[in-house]
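The values are calculated or read from the model by the stated rules, or taken from the named source; none is laboratory data. The model shown is predicted, which means the values in this text are computed figures rather than measured ones. Positions of Cβ are generated from backbone atoms using ideal geometry, with glycine treated the same way; all protein chains shown enter the neighbour counts. Only protein heavy atoms, including side chains, enter the accessible area calculation; ligands, DNA and RNA are left aside. Shrake-Rupley method; radii C 1.70, N 1.55, O 1.52, S 1.80 Å.
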Amino acid sequence: MAITYLKHAKPDADKAQDDAQTRAVVETTLADIEARGDQAVRDLAQKFDQYTPLSFRLSEEQIHKIIAKVPARDMEDIKFAQQQVRNFAQVQRDSMLDVEVETLPGVILGHKHIPVQSVGCYVPAGKFPMVASAHMSVATASVAGVPRIIACTPPFNGEPNPAVVAAMHLGGAHEIYVIGGIQAVGAMAIGTETIEPVHLLVGPGNAFVAEAKRQLFGRVGIDLFAGPTETMIIADDTVDAEMCATDMLGQAEHGYNSPAALVTTSRALAEATLLEIDRILQILPTADTASVSWRDYGEIILCDTHAEMLQVSEQKAYEHVQVMTDRDDWYLENMTCYGGLFLGPRTNVSNGDKVIGTNHTLPTRKAGRYTGGLWVGKYLKTHSYQKITSDEAATMIGEYGSRLCMLEGFVGHAEQCNLRVRRYGKKHVPYGTGAQ
């Protein structure tokens, strides 16, 4: 058995240096936002977007005027895609039941799913207007029942992007701000004179947005640590090079550091895909971006067996894993570490990104080993509760509790239990008699 790299990505050390530079910029910027509030946000917006309106928040009148610019067919498509996301999110929400059970006579335990009370949704639009990201973050929060949903998006070509604003508004955003980058994420999490801070941050973004969310985690919740888009194709000789190359470059155009990998048991497919990638890059309008991603982060990995391909996939835990083999269901049964899984040649990552209904905000940088992607459950907090309804149960649980507290040396804890035993036991002394 052998796993052979026909093409390598650039060394991890180079990537780490890039990350260190990003961390320093974000730390300084967040400190500035905390110190100077709205003025810092305004200065950053001018520096990076040359966009400083009287108010970054869109009024209802502005929202409706902007949405009116969206062509009818585009609006129809936006509504269709958003409905698919809502439908699946509702199915997921309906699967999450509140529970209450009597575990012992007189002992009631339960839990409730409670929405977070405010969420800030970041929707990228600087390089590409990410209309679909509004469905994934805003509409899903709406299905979860979040009472305050605010959304930020950068200006696109110097003004609010009508399609993005339409998707935010239709998704259920209560406040829409035209702010991008670190300043948007920082303002939502830290708060300013005009923006009340939120409890949870969600949504994808560039390296600076992702790092800002990482540094703000703890102060607020976040959906996940999201890095550059990652795509892995697992294929055997049942598919062709055009499909593999198209599906890798279709995601490599996201940015200059978007990893794309082909893992295959077919040397012929691997070599043909290398040639097909070169051909497509000659005609792809976004080749300036995709070619850099492919040069620095692209990989082609040749394996002897399906077991080896599974091993590579599990180790790398990529965000998107597209399986096109003669045993797709075997991968579904055996894979444990990934963001989203796309099975068979009829589907593709773009389906998940834009319209099919699953959420496209997914774990990257091996985070799929410990978390799934954004979904309706990310907006819900599961809180437990307990109550004891009989004297007998209070006495019995109290006796166990007292002994277990003393086992750990917690005398005060034990006395909480002892008080209930004295108060509710069969030979208890009525409270207030003064007896010891």
Among residues of the range 314-342, those that are more than 22 Å from residue 253 (Cα to Cα) and outside any loop (DSSP other than H, G, I, E, B), counted: 9
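Which of the following residues is open to solvent by less than 60 Å² (accessible area, probe 1.4 Å) and either farther than 25 Å from residue 136 by Cβ or not in a loop (DSSP other than H, G, I, E, B) (or both): 401, 357? Explain how you work it out, then say what you get.
On the way: 357 fails: either farther than 25 Å from residue 136 by Cβ or not in a loop (DSSP other than H, G, I, E, B) (or both).
Unique residue meeting the criteria: 401.
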Quick one: in the range 101-137, of everything that is small (Gly, Ala, Ser) and at pLDDT 95 or above, which residue is surrounded by the fewest Cβ atoms within 10 Å (Cβ to Cβ)? 110
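Being in a helix (DSSP H, G or I), among the charged types (D, E, K, R) and either open to solvent by less than 70 Å² (accessible area, probe 1.4 Å) or within 30 Å of residue 423 (Cα to Cα) (or both) is the filter here, so list the residues in the range 360-393 that pass it. Explain how you work it out, then say what you get.
Filtering the range 360-393 down to residues in a helix (DSSP H, G or I) leaves 367-369, 376-379, 391-393.
Subsequent filtering for residues that are among the charged types (D, E, K, R) retains 369, 378, 391-392.
Result: 378, 391, 392.
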Can you find even one residue in the range 59-70 that is among the acidic types (Asp, Glu) and over 29 Å from residue 376 (Cα atoms)? yes
Would it be correct to say that residue 264 is open to solvent by 10 Å² or more (accessible area, probe 1.4 Å) and modelled with pLDDT of 95 or more? no
Residue that is modelled with the lowest pLDDT, among those in the range 6-32 that are within 24 Å of the chain's Cα centre (by Cα) and within 24 Å of residue 197 (Cα to Cα): 22
Might you check whether a residue that is among the β-branched types (Val, Ile, Thr), open to solvent by less than 50 Å² (accessible area, probe 1.4 Å), closer than 26 Å to residue 180 by Cα and touching a Leu at 6+ places or on another chain (Cβ under 6 Å) occurs anywhere in the range 53-63? no
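Give the residues of the range 72-100 that are among the hydrophobic types (A, V, I, L, M, F, W, C), under 14 Å from residue 376 (Cβ atoms) and surrounded by 11 or more Cβ atoms within 10 Å (Cβ to Cβ), sorted by residue number. Write out each step before concluding.
Restricting attention to the range 72-100, the residues satisfying the condition of being among the hydrophobic types (A, V, I, L, M, F, W, C) are 72, 75, 78, 80-81, 85, 88-89, 91, 96-97, 99.
Those left that are additionally under 14 Å from residue 376 (Cβ atoms): 85, 88-89, 91, 96-97.
Once the filter is applied, which keeps residues that are among the hydrophobic types (A, V, I, L, M, F, W, C), under 14 Å from residue 376 (Cβ atoms) and surrounded by 11 or more Cβ atoms within 10 Å (Cβ to Cβ), the range 72-100 yields 85, 88, 89, 91, 96.
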Could you identify the single residue in 247, 329, 278 that is out of contact with any Gly (no Cβ under 9 Å at 6 or more places or on another chain) and without any contact (Cβ under 8 Å) to a residue 12 or more places away in the chain? 278
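Does residue 261 meet the test of being under 23 Å from residue 12 (Cβ atoms), aliphatic (A, V, I, L, M) and in contact with a strand residue (DSSP E or B) (Cβ under 7 Å, 6 or more places away or on another chain)?
Working: under 23 Å from residue 12 (Cβ atoms): yes; aliphatic (A, V, I, L, M): yes; in contact with a strand residue (DSSP E or B) (Cβ under 7 Å, 6 or more places away or on another chain): yes.
Yes; evaluated as a whole, the condition is true for this residue.
Can you find a residue that is assigned to a helix (DSSP H, G or I) and of a type in the set (Phe, Trp, Tyr) anywhere in the range 247-265? Steps first, answer last, please.
Pass one, the range 247-265, residues assigned to a helix (DSSP H, G or I): 247-252.
Applying the additional criterion that residues be of a type in the set (Phe, Trp, Tyr) yields none.
No - not one qualifying residue is present in the range 247-265.
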Among the candidates 323, 312, which residue alone is surrounded by 15 or more Cβ atoms within 10 Å (Cβ to Cβ), at pLDDT 95 or above and over 28 Å from residue 81 (Cα atoms)? 312
